[in-house]
1. What is the sum of charges around residue 5, taking Lys and Arg as +1, Asp and Glu as -1, for the other residues whose C-beta is under 15 Å from the C-beta of residue 5?
2. Once all Cα-Cα distances of the chain are split into 5 Å bins that start at 0, what whole-number percent is in each one?
3. Given +1 on the Cβ of Lys and Arg, -1 on the Cβ of Asp and Glu, and no further charges, what dipole in debye does the chain carry about its Cα centre, rounded to the nearest 20?
4. Which of 13/56; 42/105; 11/105 have a Cα-Cα distance over 25 Å?
5. Mind checking which of 37, 12, 62 is farthest towards the positive end of the range 6-105's charge dipole, using Cβ charges of +1 (Lys, Arg) and -1 (Asp, Glu) about the Cα centre?
6. For the range 1-93, which trypsin sites (Lys or Arg not before Pro) pass both filters: DSSP loop (anything but H, G, I, E, B) and at most 12 other C-beta atoms within 10 Å?
7. Name the residue, out of 71, 89, 22, whose mean-square fluctuation peaks in a Gaussian network model built on the chain with Cα pairs under 10 Å.
8. Once phi is turned into ³J(HN,Hα) by the Karplus curve 6.51 cos²θ - 1.76 cosθ + 1.60 with θ = phi - 60°, what whole-Hz value does each residue of the range 69-85 show in order, with x for glycine and proline?
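No lab work stands behind these numbers, since they all come straight from the coordinates. Quick caveat, the model's predicted, so the values are computed rather than measured. Positions of Cβ are backbone-derived with ideal geometry, glycine not excepted, and every protein chain shown enters the neighbour counts.
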Amino acid sequence: DGPPPPEEYRKLKTRVTDLHPMTIIQNARTSGGGQVALVPTKAATVGPVETWKAEKVSIWQAGNHDNPFGMRLTALMISKRIADSSVPMSLLADHPNVQFNYYRKGIGVVATEMH
């Protein structure tokens, strides 16, 4: 099953949702000590409906555990107005006021690495 189209995704409200297996794996790497079994499989999410009520959306990417490619990809998609629900943050392309904040040392390089 693929993600819903952007127009359907934007209708989602605050809810508890199942996490994608890749999200669970990424969270195990960054905050679960590498143990997938320790990472919850569900999470509470505000959802796009509530996000769009905000006058301004401020995204902070410290880069400590963020993927440098992903950080650049989301910024590119939002700035070029490319909304794709397979990259949920990209739906902010349609929000009128999005601000990115980066920790310069955390931006890193786009390279393949193993943790």
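1. Summing Lys and Arg as +1 and Asp and Glu as -1 gives -3.
2. Bin by bin from 0 Å, the calculated values are 2, 10, 17, 21, 23, 17, 8, 2.
3. Computed charge dipole of the chain: roughly 300 debye.
4. From the list (13/56; 42/105; 11/105), the Cα-Cα distance tops 25 Å for 42/105; 11/105.
5. Value: 62.
6. 11, 13, 53, 56, 80, 81
7. Among 71, 89, 22, the largest mean-square fluctuation in the Gaussian network model of the chain belongs to 22.
8. 5, x, 4, 6, 4, 5, 5, 5, 4, 5, 5, 9, 6, 9, 9, 9, 5
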